[in-house]
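> Just dropping this structure here.
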Protein chains: 2
Amino acid sequence: MLSAAMGTDSGYVRPLAELAVRFGANVQPGQIVGIASEPGKEQLARAVAEAAYEHGAKFVDLNVFDVHVKHARLMHASPESLEYVPPWYGARIRALGEHRAATIALTGRVAPHVMEDVDPALLGRDMLPSIKDSLAVLNQRLLNWTVVPCPTADWAALVYPDAENGEALELLWRDIGHVCRLDAPDPIEAWRSRFAQLGEVAAKLTELDLDALHYEGPGTNLTIGLLPSSIWDAGSMVTAEGIEHAPNVPSEEVYTTPDPERADGEVRSTKPLFTSGVLIRGLRVRFEGGRAVEIDADEGAETLRKIAARDEGAARLGEVALVDRESRIGALQTTFFDTLLDENAASHIALGQTLESGVADEDGLARMNESEIHIDFMIGSDELDVTGLTRDGRELPLLRGGTWQV
Amino acid sequence: MLSAAMGTDSGYVRPLAELAVRFGANVQPGQIVGIASEPGKEQLARAVAEAAYEHGAKFVDLNVFDVHVKHARLMHASPESLEYVPPWYGARIRALGEHRAATIALTGRVAPHVMEDVDPALLGRDMLPSIKDSLAVLNQRLLNWTVVPCPTADWAALVYPDAENGEALELLWRDIGHVCRLDAPDPIEAWRSRFAQLGEVAAKLTELDLDALHYEGPGTNLTIGLLPSSIWDAGSMVTAEGIEHAPNVPSEEVYTTPDPERADGEVRSTKPLFTSGVLIRGLRVRFEGGRAVEIDADEGAETLRKIAARDEGAARLGEVALVDRESRIGALQTTFFDTLLDENAASHIALGQTLESGVADEDGLARMNESEIHIDFMIGSDELDVTGLTRDGRELPLLRGGTWQV
């Protein structure tokens, strides 16, 4: 499949753009399409724009965030101004919602080392390009949205540090092509089939009506309570107006909404986490009564502590997700240093805002966690046992050796 | 001054950024700074952001416009949608005004050939990145703003087609360094001195209280009426709140506001004009009663005709500007295919919106031209004689052989 004659992108730029437009965001004729990109991602951003217009988009609103400008801010602006966000940033997101737009965000790392000289205490203050209005707009299901990975030379060098630069990028494109199922005869059909499998697992988990999950593995002994109305979901979402879309491509997770007041024990992260410009390695978190009361790490702990102190919900859980070893990402045994891929390689939990689709009723909506942040971190591995605890006290194995038991 | 050891930017990136921040926009502590950039201009955009934060900016709002995305729109979107602009584009500009922000736009060409396969009839319909709200905000003098040139490899190849790519970029940076007076011991002082000279000429022209200007040269025989309240200006402007700034760096022009109802005769452009993605060469315009009634060109006429038909004021004049041969840009005898530089090489006139500073009273404000567009085109050369016609019928030579006669 991979051929040097196809160039370092292996010919996947256009197919990935098509997948993002036709399957990920599922752009409808006449829609405005917001694209979130960064310098270094021009080739894919332009291909996405072109595919969107070809599929009838009314207008493509490209938004480019430059992390070097954020770096200059963190180095030189007054620390008390770092939480300031101009009002038109949130207004744009809300307007995209009001216009029932589609959005396509290109993840994948650029300039991975740019923040290394910044005071870690400052990093958590400037959360851009995250905008708190986004979570509200997403939760109202106004947008058909997706996040897809965009290989860059910087990112490739991080994932394949020993390869030549051109070769590293080629290897990363090969991985992205594989995990996005672009190497399938019909990538969209391949995703529909995988989402159907994951949907079956989610339906079974919802039927079990679990009271809690218990995680046990190296460095991890954690129990997370679920809400009576917690439902499990996977794959695609549907907007308030009925447009089906795949928020993450790739997506290998089955997820639900935890009780933000019930998490107790210790958990050790199994993959590095990149957030707010820093890499957090060897993360260890202790929960008591739902709150992260101790956050330690081999690297980057201070930044995560700052983020978790941002508001009341930032130290509580907003998502639990299980990933089995059938994940194409997990099978690669590669750390991508990018949440979209790494969270779909292994089971994970997230601090902060809940996505509403994981609860079935008003009681669940009222009890789910709220925060300006949503930070996933990876806790799964083949050595992690995940067990369901039922309301009548039974213990049901869910994942053993990375394989579904349901 | 120029040294290969300094790299292709000749060490001018940081000095140009400083000039844009400290002299051009004259950024004040606590201000929000909008930067308008394009892919390929990251190095200067980041240096401007850094200089702005160092000089006390509260927030830098970088806006990146990708002409390739516009190209995809023109190729694939429905023609009747091409005038659509999302409401948040104008809202951002108005909000920058309400916040009394500074703005710094980086001109200079990228992807000069990208629009060559687009139907010329469509090009004038999508005026982005121009936004009509901008002219209103500028005319209310809410922003301290500047436009500065940003060398790119694409642009260098256009200006120096016979040079090797790296060498072309080095040559262009040398030119930009020279015309922006970055090679002066104190560039800001050099600009203050040049602006003082131009200001003296402007004051003398205002004193003459001219009724009209007459242009005569190869292919040109044109008379343009002035308003009783027309005043001449040059160099810097002052915001409503008193912040002095230099809207264009470089700026070599002395300009005023014409009577939009009095322009008669023919004019031939002396330099190519780049607008809406097309290069217009050999432009010839005939005016009657202030209106451009015939627009012809060797290349690109149709696009300019479309633009001039956009609204009532688009075929009438909003600016007349005189440039003498002391201009460092004119002295280079180089066509830059970029309006900021080419308009400051030679005398020019502009179709469309008037900038208000060229009239002295309410009567002038009421009579000045209004339009969504503002398109400068160059008519000056050493062969062009410019003569002032006084209200009592005298003819006063203003420019002869490119030299001021006042």
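> Among the numbered criteria (1) more than 7 Å from chain B (Cβ to nearest Cβ); (2) under 24 Å from B:Asp126 (Cα atoms); (3) among the hydrophobic types (A, V, I, L, M, F, W, C), which one does A:Val64 miss?
Only one criterion in (1) more than 7 Å from chain B (Cβ to nearest Cβ); (2) under 24 Å from B:Asp126 (Cα atoms); (3) among the hydrophobic types (A, V, I, L, M, F, W, C) is unmet by A:Val64, namely (1).
> Run A:Leu62 past the list (1) closer than 20 Å to B:Val114 by Cβ; (2) in contact (Cβ under 8 Å) with a residue 40 or more places away in the chain; (3) of a type outside the set (D, E, K, R) and report the number of the one that doesn't hold.
(2)
> Follow-up. Tell me, which strands (runs of 3 or more DSSP E) wholly within segment B:208-275 include 2 or more residues that are of a type in the set (Lys, Arg)?
In segment B:208-275, the matching strands (runs of 3 or more DSSP E) lie at B:258-268.
> Follow-up question, since we're still on this one. Any residue in segment B:45-52 that is facing chain A (nearest Cβ under 10 Å), over 19 Å from the mean Cα position of the chain (by Cα) and open to solvent by 20 Å² or more (accessible area, probe 1.4 Å)?
Among the residues of segment B:45-52, at least one is facing chain A (nearest Cβ under 10 Å), over 19 Å from the mean Cα position of the chain (by Cα) and open to solvent by 20 Å² or more (accessible area, probe 1.4 Å), which makes the answer yes.
> If I ask for residues that are open to solvent by 30 Å² or more (accessible area, probe 1.4 Å) and within 28 Å of A:Arg291 (Cα to Cα), which ones from segment A:228-244 would you list?
A:Pro228, A:Ile231, A:Asp233
> Exactly one condition in (1) touching a residue at least 40 places away in the same chain (Cβ under 8 Å); (2) crowded, with 19+ Cβ neighbours inside 10 Å is false for B:Arg100; which is it?
(2)
> Let me ask something else about it. Out of contact with any strand residue (DSSP E or B) (no Cβ under 7 Å at 6 or more places or on another chain), buried (at least 24 other Cβ atoms within 10 Å of the Cβ) and either more than 8 Å from every other protein chain (Cβ to nearest Cβ) or part of a strand (DSSP E or B) (or both): does that describe A:Ala111?
Criteria not met by A:Ala111.
> Here's a follow-up. Residues of segment B:30-44 being part of a helix (DSSP H, G or I), surrounded by fewer than 24 Cβ atoms within 10 Å (Cβ to Cβ) and more than 7 Å from chain A (Cβ to nearest Cβ), which ones?
Selection gives B:Gln43 alone.
> Out of segment B:90-102, which residues are more than 8 Å from every other protein chain (Cβ to nearest Cβ) and under 16 Å from B:Leu128 (Cβ atoms)?
B:Gly90, B:Ile93
> Moving on to the next point. Pick out the one residue from A:Leu135, A:Leu123 that is buried (at least 18 other Cβ atoms within 10 Å of the Cβ), touching a helix residue (DSSP H, G or I) at 6+ places or on another chain (Cβ under 6 Å) and either touching a residue at least 12 places away in the same chain (Cβ under 8 Å) or more than 11 Å from chain B (Cβ to nearest Cβ) (or both).
Among A:Leu135, A:Leu123, only A:Leu123 is buried (at least 18 other Cβ atoms within 10 Å of the Cβ), touching a helix residue (DSSP H, G or I) at 6+ places or on another chain (Cβ under 6 Å) and either touching a residue at least 12 places away in the same chain (Cβ under 8 Å) or more than 11 Å from chain B (Cβ to nearest Cβ) (or both).
> Oh, and also: Please specify each residue of segment B:309-320 satisfying the condition of being open to solvent by 10 Å² or more (accessible area, probe 1.4 Å) and outside any strand (DSSP E or B).
Correct list: B:Ala309, B:Arg310, B:Asp311, B:Glu312.
> Would you check if there is a residue in segment B:375-386 being at pLDDT 95 or above and outside any loop (DSSP other than H, G, I, E, B)?
yes
> Taking segment A:125-141 on its own, how many of its residues are farther than 16 Å from A:Ile35 by Cα and in a loop (DSSP other than H, G, I, E, B)?
The total comes to 5.
> Only one residue in A:Ala57, A:Ala47 is over 25 Å from A:Ser276 (Cβ atoms) and either part of a helix (DSSP H, G or I) or outside the structural domain of A:Pro112 (by TED's automatic domain parsing) (or both). Which one?
Of the residues listed, the single one that is over 25 Å from A:Ser276 (Cβ atoms) and either part of a helix (DSSP H, G or I) or outside the structural domain of A:Pro112 (by TED's automatic domain parsing) (or both) is A:Ala47.
> What pairs can you find where one residue is in segment B:271-283 and charged (D, E, K, R), the other is part of a strand (DSSP E or B), and their Cβ atoms are less than 9 Å apart, with a gap of 6+ or different chains?
Close Cβ pairs satisfying both conditions: B:Lys271/B:His348; B:Lys271/B:Phe377; B:Lys271/B:Met378; B:Arg281/B:Leu273; B:Arg281/B:Glu299.
> Just one of (1) acidic (Asp, Glu); (2) over 22 Å from A:Glu50 (Cβ atoms); (3) at pLDDT 90 or above trips up B:Glu164, so point out which.
(3)
> Here is a further query. For A:Ile280, work out the one condition from (1) open to solvent by 20 Å² or more (accessible area, probe 1.4 Å); (2) assigned to a strand (DSSP E or B) it doesn't fulfil.
The one condition A:Ile280 does not meet is (1).
> Right, next: Against the conditions (1) open to solvent by less than 10 Å² (accessible area, probe 1.4 Å); (2) within 14 Å of chain A (Cβ to nearest Cβ), where does B:Asn144 fall short? Just the number, please.
Tallying (1) open to solvent by less than 10 Å² (accessible area, probe 1.4 Å); (2) within 14 Å of chain A (Cβ to nearest Cβ), B:Asn144 fails exactly one: (2).
> In addition: Does B:Met378 satisfy the condition of being touching a His at 6+ places or on another chain (Cβ under 6 Å) and either open to solvent by 70 Å² or more (accessible area, probe 1.4 Å) or of a type in the set (A, V, I, L, M, F, W, C) (or both)?
Answer is yes for this residue.
> Something else: Provide a single number: the residues in segment B:355-378 that are within 23 Å of B:Pro247 (Cβ to Cβ) and in contact with a Ser or Thr (Cβ under 6 Å, 6 or more places away or on another chain).
The total comes to 11.
> While we're here: When the residues of segment B:245-268 are filtered to those that are of a type in the set (D, E, K, R) and within 17 Å of B:Gln197 (Cα to Cα), which remaining residue is surrounded by the most Cβ atoms within 10 Å (Cβ to Cβ)?
Only one residue tops the list, namely B:Glu252.
> When the residues of segment B:348-374 are filtered to those that are assigned to a loop (DSSP other than H, G, I, E, B) and of a type in the set (Ser, Thr, Tyr), which remaining residue is farthest from B:Pro129 (Cα to Cα)?
B:Thr354
> Name the single residue that is farthest from B:Val179 (Cα to Cα) among those in segment B:283-301 being buried (at least 17 other Cβ atoms within 10 Å of the Cβ) and either assigned by TED's automatic domain parsing to the domain that holds B:Glu83 or at pLDDT below 95 (or both).
B:Ala301
> Condition first: of a type outside the set (Val, Ile, Thr), within 14 Å of chain A (Cβ to nearest Cβ), in contact (Cβ under 8 Å) with a residue 60 or more places away in the chain and open to solvent by 10 Å² or more (accessible area, probe 1.4 Å). Can you find one or more residues in segment B:155-173 that meet it?
No, because not a single residue in segment B:155-173 is of a type outside the set (Val, Ile, Thr), within 14 Å of chain A (Cβ to nearest Cβ), in contact (Cβ under 8 Å) with a residue 60 or more places away in the chain and open to solvent by 10 Å² or more (accessible area, probe 1.4 Å).
> Which condition breaks for B:Pro86 when tested against (1) out of contact with any helix residue (DSSP H, G or I) (no Cβ under 6 Å at 6 or more places or on another chain); (2) in contact (Cβ under 8 Å) with a residue 12 or more places away in the chain; (3) closer than 14 Å to A:Asp61 by Cβ?
(2)
> Let me ask something else. Scan segment A:67-82 for residues that are within 7 Å of chain B (Cβ to nearest Cβ), of a type in the set (A, V, I, L, M, F, W, C) and over 12 Å from B:Ala45 (Cα atoms) and report the count.
Number satisfying all stated conditions: 1.
> If you check A:Glu343 against the conditions, is it outside the structural domain of A:Val110 (by TED's automatic domain parsing) and either at pLDDT 90 or above or closer than 21 Å to A:Arg281 by Cα (or both)?
yes
The values are calculated or read from the model by the stated rules, or taken from the named source; none is laboratory data. Source: prediction; values computed, not measured. Heads up, the Cβs are rebuilt from the backbone with ideal geometry, glycines too, and the neighbour counts pull from every protein chain shown. When the accessible area is computed, the model is the full protein with side chains, heavy atoms only, and any ligands, DNA or RNA have been set aside. Shrake-Rupley method; radii C 1.70, N 1.55, O 1.52, S 1.80 Å.
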